[in-house]
Amino acid sequence: MQIEVAGKPVDIAEDASCGEVLKEGLSKKQFKNVVVAKCGETLLDLTTTVPADCTSMEPVFADSPEGLDIIRHSTAHLMAEAVKKLFPTAKVTIGPSVENGFYYDFDYERPFTPEDLEAIEQEMQRSVGADKDFSCRVVSADEARAEFKEQGEDYKLELIDDLEEDNYSIYSHGEFADLCRGPHVARTGMLKAFKLLNVAGAYWRGDENNKQLQRIYGTAWATPKDLKKYLHQLEEAKKRDHRKLGTQLDLFSFQEAGGAGMAYWHPKGALVRTILEDFVTKEQIKRGYELVRGPQILKRDLWETSGHYENYRENMYFTEIDEQAYGVKPMNCLAHMLIYNRKLMSYRDLPQRYFELGVVHRHEKSGVLHGLLRVRSFTQDDAHILCRPDQLQDEIKGVIKWVQDLMGLFDFTYSMEISTRPEKSIGSDEDWERAIKALKEAMESVGLPYEINEGDGAFYGPKIDVKVRDCLGREWQCSTIQVDFTLPERFDLTYIGEDGERHRPVMVHRAIMGSVERFLGILIEHYAGAFPVWFAPVQAKILTVTDAQKDFAEKVLQFFREKGIRIEADLRNEKLGYKVREAQLEKIPYMFVIGDKEVEAGCVNVRVRTGDDPGLLSLEEAAAIIEDAATQPFKDGGMSYSFST
RNA sequence: GCCCACAUAGCUCAGUAGGUAGAGCGCGUCCUUGGUAAGGACGAGGUCAGCAGUUCAAUUCUGCUUGUGGGCUCCA
């Protein structure tokens, strides 16, 4: 019998295992790093007998994405073994691999402590040292039930009942056996690079009505070197954390006295924000939007009409004025609809595109707040497009283009998904179908890949969500495009068509940055605080060598200020090296050093934060460099912008 | 909201077997006039997050509250 291994034919015995076949077909060194076998799309344990229909087999190496997944999953089992050994009354639940690692959820009478984690990790190391074999057996549903019932593993019983399979595979190593689809590494000795990271609460099956379990997270890699590299990366990422940089660069803070989830913008941070908002606002106008503004609070019955009261109440703040109930706006759409409704619209007036940097308040659960990325009060670059059905496609495409342009400007990588109807929602099934179809068609016509996120739409309509990652790899939603047939109906929005009849416009809710706060948080992490010249709060800093240059430095300062360049001067009685260091830590793009030489020449000596050193330049030349650096990103993106004071 | 952890000077952190606290940086004054990542001296600065309780005595122990961090659930 012959089988192809990694492209070359190998003779094998009738009942050979996958491991034996791969060992035959690969060099000794290669085989050492094989975790499982791959036959077609199926992953098989090395101990599994080669299936009769398998004609070619590929090795899955430890450092491949699939291999790492196996290693992490197996490490989760290894951890469960250790936990059961140290805490026999703990009940096991599920333990999958996740990005960069794994977790396992346990039900135990007391919380695990950091010391417990250390003990667990040591126990895991012992098991690795013992190099126990992983083995798999397939049993009937009844046998599986009997086995886990005897062990008191109630959660496993629940899983068996839910899966409703005829047979189940059970993976064991040493004393530990777990209901599991597999596959796994052959021996515990292959798991040589892992670390337990933290404990967290997690609901059984992700449902907050269920019991809360204890989840232990860990990371696992193919080699200790990879593990070390990953842990180092984590450390580096922490340095870019926007919360840390926000303090270091004096951009913003959160004030305990003022309440959770609400940012306070310091002078530098507020300036960065203002520039971003200014750019986005001007760009909206160029793209055919009109600026509007609505109030912060609207009468409660309006929120009832819109369905917010019914579907979004727990996220809203309410207040009372003159015995009249009001709701603080969590979204801007209501005001925009009222503005649309101020007069009778003609089909010629459409589309109406209303843009507002709207401040919204949402009562987010206390546990979800996270720096600028998840707050209770934030500003959306929000717009509502009211258009005729025949205009819908072009409008969506226009928004997608704008999203692409903005993300491109910052060189963001992002993922897109279409979110469908959630449980709590309003509107007819047909409208939902129509709206989803419109979004899909637009995405497909632009040729963008997308995922479907079932049940995650807004309560009034489906949406395209654009997600960007933070420094720790967590994804955050930024842009959103939502098609809505329902709210125009609820507010009886109409326009007079060519036929002289009243028609219903379609509404597109959309935000490009999403939340200014969140977007800035991600920008801070993306640039590690070293903002591009166009929105750096301070673009250049003058550093004098001694106070003899003070007068000239002040003239230079004035010169650049008049040019609209954001510049500061460090005239303190300190050494140059000290001033350079400080400006470098402030991540200021340009430093202008002024000593006697420069005064004499009427020049500045330019130092760039990247380490480049253009040297002695005239004031005009230096200004040109900055202006160039500030406008270049827009030229590259086919746009134009400059902030002026 | 739930689980766990944490909260000491503007920042980063030490510390107290329960006897009201310390460093570095920053800040102020003075000396130093120094050419590309930290010159020196002196000084100011803290209801040890808040409120209760235990105690002769609480920053330290206990409880609650507030806030923060890591997750879960939920969402821009």
Consider A:L472 against the criteria (1) at pLDDT 95 or above; (2) part of a loop (DSSP other than H, G, I, E, B); (3) among the aliphatic types (A, V, I, L, M); (4) within 10 Å of RNA strand B (Cβ to nearest atom): it satisfies all of them except one. Which criterion is unmet? (1)
Can you name the residue in segment A:412-434 that is free of Cβ contacts under 8 Å to residues at least 60 places away in the same chain and among the hydrophobic types (A, V, I, L, M, F, W, C) and is also farthest from A:L520 (Cα to Cα) among such residues? A:W432
Mind counting the residues in segment A:258-279 that are closer than 19 Å to A:V368 by Cα and of a type in the set (A, V, I, L, M, F, W, C)? 3
Is there a residue in segment A:435-449 that is without any contact (Cβ under 8 Å) to a residue 40 or more places away in the chain and closer than 22 Å to A:Y340 by Cβ? no
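Quick check on segment A:272-331: of everything there that is of a type in the set (S, T, Y) and more than 25 Å from the chain's Cα centre (by Cα), which residue is surrounded by the fewest Cβ atoms within 10 Å (Cβ to Cβ)? If you could, list the steps in order and put the result at the bottom.
Initially, segment A:272-331 is screened for residues of a type in the set (S, T, Y), giving A:274, A:281, A:289, A:305-306, A:309, A:312, A:317, A:319, A:326.
So of that shortlist, the ones also more than 25 Å from the chain's Cα centre (by Cα) come out as A:289, A:305-306, A:309, A:317, A:319, A:326.
Details: A:Y289: 20, A:T305: 16, A:S306: 24, A:Y309: 17, A:Y317: 16, A:T319: 11, A:Y326: 20.
My answer is A:T319.
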Any residue in segment A:234-248 that is closer than 30 Å to A:P111 by Cβ and more than 12 Å from RNA strand B (Cβ to nearest atom)? yes
Listed residues A:L543, A:L520; which is surrounded by 24 or more Cβ atoms within 10 Å (Cβ to Cβ) and either in a strand (DSSP E or B) or of a type outside the set (A, V, I, L, M, F, W, C) (or both)? A:L543
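Got a number for residues in segment A:592-613 being more than 6 Å from RNA strand B (Cβ to nearest atom) and free of Cβ contacts under 8 Å to residues at least 60 places away in the same chain? Explain how you work it out, then say what you get.
Going through segment A:592-613, the residues more than 6 Å from RNA strand B (Cβ to nearest atom) turn out to be A:592, A:594, A:599-604, A:606, A:608-613.
Remaining after also requiring free of Cβ contacts under 8 Å to residues at least 60 places away in the same chain: A:592, A:594, A:599-603, A:606, A:608, A:610-613.
Of the residues in segment A:592-613, 13 are more than 6 Å from RNA strand B (Cβ to nearest atom) and free of Cβ contacts under 8 Å to residues at least 60 places away in the same chain.
Which one of these is within 8 Å of RNA strand B (Cβ to nearest atom), closer than 28 Å to A:T247 by Cβ and surrounded by 13 or more Cβ atoms within 10 Å (Cβ to Cβ): A:L585, A:L571, A:L576, A:L557? Break it down stepwise before answering.
On the way: A:L585 fails: surrounded by 13 or more Cβ atoms within 10 Å (Cβ to Cβ); A:L571 fails: within 8 Å of RNA strand B (Cβ to nearest atom); A:L557 fails: within 8 Å of RNA strand B (Cβ to nearest atom).
On inspection, the qualifying residue turns out to be A:L576.
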Do any helices (runs of 4 or more DSSP H) lying entirely in segment A:88-199 carry at least 1 residues that are within 16 Å of RNA strand B (Cβ to nearest atom), and which ones are they? A:114-129, A:154-163
Which of the following residues is away from RNA strand B (no atom under 16 Å from the Cβ) and more than 18 Å from A:A383 (Cα to Cα): A:R313, A:R342, A:R348, A:R353? A:R348
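Given the residues A:K149, A:K132, which is the only one that is over 37 Å from the mean Cα position of the chain (by Cα) and buried (at least 16 other Cβ atoms within 10 Å of the Cβ)?
Only one candidate passes the filter, namely A:K132.
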Residue pairs within 8 Å by beta carbon, gap of at least six or interchain, first lying in segment A:512-530 and acidic (D, E), second surrounded by 24 or more Cβ atoms within 10 Å (Cβ to Cβ) and not in a strand (DSSP E or B), listed first then second, are A:E517/A:L372; A:E525/A:H242
So A:A623 fits all but one of (1) in contact with a Lys or Arg (Cβ under 7 Å, 6 or more places away or on another chain); (2) within 9 Å of RNA strand B (Cβ to nearest atom); (3) in a helix (DSSP H, G or I); what number is the exception? (2)
Filter segment A:161-199 for residues that are over 27 Å from A:V35 (Cα atoms) and either touching a residue at least 60 places away in the same chain (Cβ under 8 Å) or crowded, with 17+ Cβ neighbours inside 10 Å (or both) and give the result. A:V199
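When segment A:249-271 is examined, which residues are found to be within 7 Å of RNA strand B (Cβ to nearest atom) and surrounded by 14 or more Cβ atoms within 10 Å (Cβ to Cβ)?
Residues of segment A:249-271 within 7 Å of RNA strand B (Cβ to nearest atom): A:254, A:256, A:259-261.
A:F254, A:G261 - these are the residues of segment A:249-271 that are within 7 Å of RNA strand B (Cβ to nearest atom) and surrounded by 14 or more Cβ atoms within 10 Å (Cβ to Cβ).
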Please report, ordered by residue number, the strands (runs of 3 or more DSSP E) entirely within segment A:1-77 with at least 1 residues that are in contact with an Asp or Glu (Cβ under 7 Å, 6 or more places away or on another chain) and surrounded by fewer than 18 Cβ atoms within 10 Å (Cβ to Cβ). A:2-5, A:56-61
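How many residues are in a loop (DSSP other than H, G, I, E, B), touching a Phe, Trp or Tyr at 6+ places or on another chain (Cβ under 8 Å) and within 15 Å of A:R362 (Cβ to Cβ) when one looks only at segment A:292-325? Walk me through how you get there before you give the answer.
Filtering segment A:292-325 down to residues in a loop (DSSP other than H, G, I, E, B) leaves A:292-296, A:307, A:312, A:316-317, A:322-323.
Those still in the list that are touching a Phe, Trp or Tyr at 6+ places or on another chain (Cβ under 8 Å) too: A:292, A:307, A:312, A:316.
The next check asks that each one be within 15 Å of A:R362 (Cβ to Cβ); those that pass are A:312, A:316.
The total comes to 2.
The values are calculated or read from the model by the stated rules, or taken from the named source; none is laboratory data. Computed from a prediction, not measured in an experiment: that's the story for all the values here. Reconstructed Cβ throughout: ideal geometry from the backbone, glycine too, with neighbour counts over all protein chains shown.
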